[in-house]
Amino acid sequence: MFRLFKNFHKKDFLFIVLAILFIAGQVGLELKMPEYMSTITRLVQTEGSEMSDILANGGMMLLCAFGSLISTIIAGWFVSNVGADFTYIVRKKIFDKVESLGVNEIKKFSTASLITRTTNDVTQVRLVISMGANMLIRAPMSAIWAIAKISGKSWQWSTATSVAVIIMLATVITIMMVVIPRFKIIQKLTDRLNGVTRENLTGIRVVRAFNAEKYQENKFDVANTKVSDTARFVDRVLSVMSPMMYMIMNGITLTIYLIGATLISRSIMADKLTVFSDMVVFSTYAMHVIMSFLMVAMIFMMIPRAQVSAERINEVLDEEITIKDGSFDDDTAETGTVEFRNVSFKYPDAEEYLLKDISFRAEKGQTVAFIGSTGSGKSTLINLVPRFYDATDGAVFVDGVNVKDYKQKALHQKLGYVPQKAVIFSGTVTSNIAYGDSKNGKPNERKIQAVAKVAQAKKFVEKLDKKYNAHIAQSGTNISGGQKQRLAIARAVARDPEIYIFDDSFSALDYKTDAALRQALKDYTKDATSLIVAQRIGTIMHADQIIVLDKGKCVGHGTHKELLKNCEIYKEIALSQLTKEELNV
C-alpha cells in the first residue's frame, strides 16, 4: 500500500507535516486539562481556597478544550485534502493506464473489476488516509504522553492499566485473524456483483424480450447474497469490538477507583487529598492510554482491507503494456499503403494460430475486402493495423513503416476505424461525429453535415427534434442499429484519414442504403485506401482486391471475377447470396 503514497503531491507532504503539528497541539491541550482538573479538585477540598483560583483554572480548561477543537478541525482539513488529492491522482492513473493497455491486458481484468478497482478500492485506501492517518499520528503521541504523565504515580494503577491494554489487544488480534481473510473475498464478490448488474443493464432489451427477468433476479440474488452474507459475518465479528472496548474502559475506571479507595483508606489524613487527586488524574490519563490503543486497533482493522484494495490497484498499475509505443511520427515516403508480410497471429495463451502466413499489399486509393466464414479471422486481421493486437510472426506496414515503429497517436491519425459493433457515446449527434482528435482539427458544422450525407445519416438526423444537437443516449439506446452504424461511419469519414477500416460496418443497413452509402463513400474517399470486412458479396464485389479467408488461411486472392473462376469457397458464398445472373457468371 505504501507504494501508492508516491502519488502524493509535494504540497501533500507539507499538509501532512502541518497536520502532525496541529495534532500534537491537540494532544498536548487535551492532556493538559487533567492537570487543571486536579488543581480544581484540590482547591475545592482545601479550606480557604479562593473562588477566583477555581474559576481561573476552569477557564484554562475551557481554553484548552477550545484550542483542541480548533486544532482538530485544522488537522482534519489538512488530512482530508491529502486524501482527496490521493484519490484524484490514483483514479486518474488507473484510468490512464487502462487507456494504454492492449486488448489482451484488458481481458485479464473484467470490466466490472476495473470499475470496482477505480471506485471502491480507491475509496478503501482513501479512508485509511483520511481517517486512519489522523488516528495513526494521534494515538502514539497520546499514549506516550499519557504514560509519561502517570508513570510513578502508583504501581497498582499501572498494573491494572497494563492488564486492560493486554486484554484489549488480545481481543483485537483475535478479531483481525477472523475477518482479514474475508476482506479480499468481499472485494472479489463485489466485482462479481458489479458484473451481474452491468450485464443486466446492458442486456435489458434481451432480458425483457425473453421474459428472463426472474432468471436475472435469481442470478443477482445469488451474487448479492454472497456479498451480503460475507459482509454480515464480518460486521457481526466486528460488532464484538465496541461492547468489549466499553467493558474494558469502564472496567479499568472501576478498578482504578477501587484501588484508589483502598489506597486512600490506608493513607494518613494529610495524604488522602493527594491520593484522591492523583486517582482522578490517573483515571483520565488511563482513558487516554486505552483510547490510544483502541485507535491503533481500529487502524489495524482498516489497514488490511485497504491493503487488499491497494494490491488490486497495483495489479492494474503494474500490468505490463505489450503494445508499446514506437518513436516514428515523421512524414513517410508512401501515403495510404497497407502491407502484410507473412503475418501470423495467435493469442498469448492459445496453442494454435488464428491467422497463418497472410500477405497482401493495398495501394493508395484501392479497396481491399475480406470475406470468409464466421471465425475465419477477418476482424482479427484488420485489427492488427491499428495495433489492437500485434502480429505474432511477420510484420504489418502502413505507408512503408512497420506499425510497431509508429507512435500510436501518429498511426491512429492515419486511420478511420468503424468497429463491428457500432460504439456511440452519450452526447449529441455533432459530438459523436466530431469525436476525438483529427489531423485537420475538429470538423465544422458544414463538414459534419457533409459527412452525415455521405454516411446516409442526414435524412434521419434532420428529422430529430434538435437535428445535429439532438441528444444521443449512452450506447445510442435511443436510435436504431442502422442509425448507429451510419453515425459511426460518419465519425470515421469526418477524420479524412488515409486509410479506412470497416469491420463488417454495413451489416445493419438495408441493401438500398448499403448501395447508396458505398457509392457515396467511393466518390468521397477516392484518394483513400479502404479495408472492408463484410459478409455480403454485394458490398465487396467491386473491390480492387478480395481476400478469402478460411480457418485463418488465405484461400483466395483476386478480383470478384477472378475468384468466381478460381476460388470454390468464394463461389459458394457468392451463389448462396446472389443468383448467377446477378453475379454475371
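Hey, can you tell me all the residues within segment 418-449 that are surrounded by fewer than 17 Cβ atoms within 10 Å (Cβ to Cβ) and assigned to a helix (DSSP H, G or I)? Answer for segment 418-449, where residues must be surrounded by fewer than 17 Cβ atoms within 10 Å (Cβ to Cβ) and assigned to a helix (DSSP H, G or I): S431, E445, R446. Consider I546 against the criteria (1) under 15 Å from S373 (Cα atoms); (2) in contact with an Asp or Glu (Cβ under 8 Å, 6 or more places away or on another chain); (3) not small (G, A, S): it satisfies all of them except one. Which criterion is unmet? Checking I546 against (1) under 15 Å from S373 (Cα atoms); (2) in contact with an Asp or Glu (Cβ under 8 Å, 6 or more places away or on another chain); (3) not small (G, A, S), the one that fails is (2).
Is it the case, given these coordinates, that V454 is over 19 Å from R495 (Cα atoms), among the β-branched types (V, I, T) and buried (at least 17 other Cβ atoms within 10 Å of the Cβ)? Break it down into steps so the answer makes sense when it comes.
Numbers: over 19 Å from R495 (Cα atoms): no; among the β-branched types (V, I, T): yes; buried (at least 17 other Cβ atoms within 10 Å of the Cβ): yes.
No.
Results for (1) out of contact with any Leu (no Cβ under 9 Å at 6 or more places or on another chain); (2) under 19 Å from T284 (Cα atoms); (3) of a type in the set (K, R), shown as yes or no for each residue.
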{"position": "I115", "(1), (2), (3)": "yes, no, no"}
{"position": "A143", "(1), (2), (3)": "yes, yes, no"}
{"position": "T159", "(1), (2), (3)": "yes, yes, no"}
{"position": "T171", "(1), (2), (3)": "yes, no, no"}
{"position": "P181", "(1), (2), (3)": "yes, no, no"}
{"position": "R198", "(1), (2), (3)": "yes, no, yes"}
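Filtered by the rule that a residue be in contact with a helix residue (DSSP H, G or I) (Cβ under 9 Å, 6 or more places away or on another chain) and either hydroxyl-bearing (S, T, Y) or at pLDDT below 75 (or both), segment 32-51 gives P34, E35, Y36, S38, T39, T41, R42, L43, V44, Q45, T46, S49.
Has segment 523-530 got at least one residue that is modelled with pLDDT of 85 or more, closer than 19 Å to P419 by Cβ and in a strand (DSSP E or B)? Checked against the condition, which is being modelled with pLDDT of 85 or more, closer than 19 Å to P419 by Cβ and in a strand (DSSP E or B), segment 523-530 yields at least one hit. Here the condition is being outside any helix (DSSP H, G or I) and either within 30 Å of M141 (Cβ to Cβ) or not aromatic (F, W, Y) (or both); of S80, S38, S49, it holds for S49 alone. The condition of being closer than 27 Å to K356 by Cβ and either in contact with a strand residue (DSSP E or B) (Cβ under 6 Å, 6 or more places away or on another chain) or at pLDDT 80 or above (or both) holds for only one of R312, R341, that being R341.
Pairs, please: C-beta under 6 Å, at least 6 apart or cross-chain, first residue in contact (Cβ under 8 Å) with a residue 24 or more places away in the chain and closer than 26 Å to K184 by Cβ and in segment 311-327, second surrounded by 13 or more Cβ atoms within 10 Å (Cβ to Cβ) and basic (K, R)? Matching pairs, first to second residue: R312/R117; I313/R117; V316/K97; V316/R117; L317/K97.
The C-beta contact set for segment 48-73 (first residue within 30 Å of I16 (Cα to Cα) and surrounded by 11 or more Cβ atoms within 10 Å (Cβ to Cβ), second residue among the aromatic types (F, W, Y) and at pLDDT 85 or above, distance under 6 angstrom, 6+ apart or interchain) comprises S71/F22. Each residue in segment 540-556 was checked for being over 22 Å from K346 (Cβ atoms) and part of a strand (DSSP E or B), and 3 of them qualify.
Residue by residue through segment 489-503, note down the ones that are in a loop (DSSP other than H, G, I, E, B) and either aliphatic (A, V, I, L, M) or under 31 Å from the mean Cα position of the chain (by Cα) (or both). I'd like the intermediate steps shown before the answer.
Step one: list which residues in segment 489-503 are in a loop (DSSP other than H, G, I, E, B), which gives 494-498.
Selection gives A494, R495.
Among the residues in segment 250-258, are any assigned to a helix (DSSP H, G or I), closer than 26 Å to T171 by Cβ, touching a Lys or Arg at 6+ places or on another chain (Cβ under 7 Å) and among the polar types (S, T, N, Q)?
Going residue by residue through segment 250-258, those that are assigned to a helix (DSSP H, G or I) are 250-258.
Subsequent filtering for residues that are closer than 26 Å to T171 by Cβ retains 250-258.
This time we only want the ones that are touching a Lys or Arg at 6+ places or on another chain (Cβ under 7 Å), so: none.
Checked against the condition, which is being assigned to a helix (DSSP H, G or I), closer than 26 Å to T171 by Cβ, touching a Lys or Arg at 6+ places or on another chain (Cβ under 7 Å) and among the polar types (S, T, N, Q), segment 250-258 yields no hits at all.
Cβ-Cβ contacts under 6 Å between residues 6 or more apart (or on different chains), taken from a first residue in segment 335-355 that is touching a residue at least 40 places away in the same chain (Cβ under 8 Å) and more than 20 Å from Y406 (Cα to Cα) to a second residue that is of a type in the set (K, R) and assigned to a loop (DSSP other than H, G, I, E, B), are listed as Y353/K346; L354/K346.
For segment 379-416, filtered to residues that are part of a loop (DSSP other than H, G, I, E, B) and acidic (D, E), the residue that is nearest to R491 (Cα to Cα) is D399.
The values are calculated or read from the model by the stated rules, or taken from the named source; none is laboratory data. Bear in mind that the values here come from a model prediction, so they are computed numbers and not experimental data. So basically every Cβ, Gly included, is an ideal-geometry build from the backbone, and we count neighbours across all protein chains shown.
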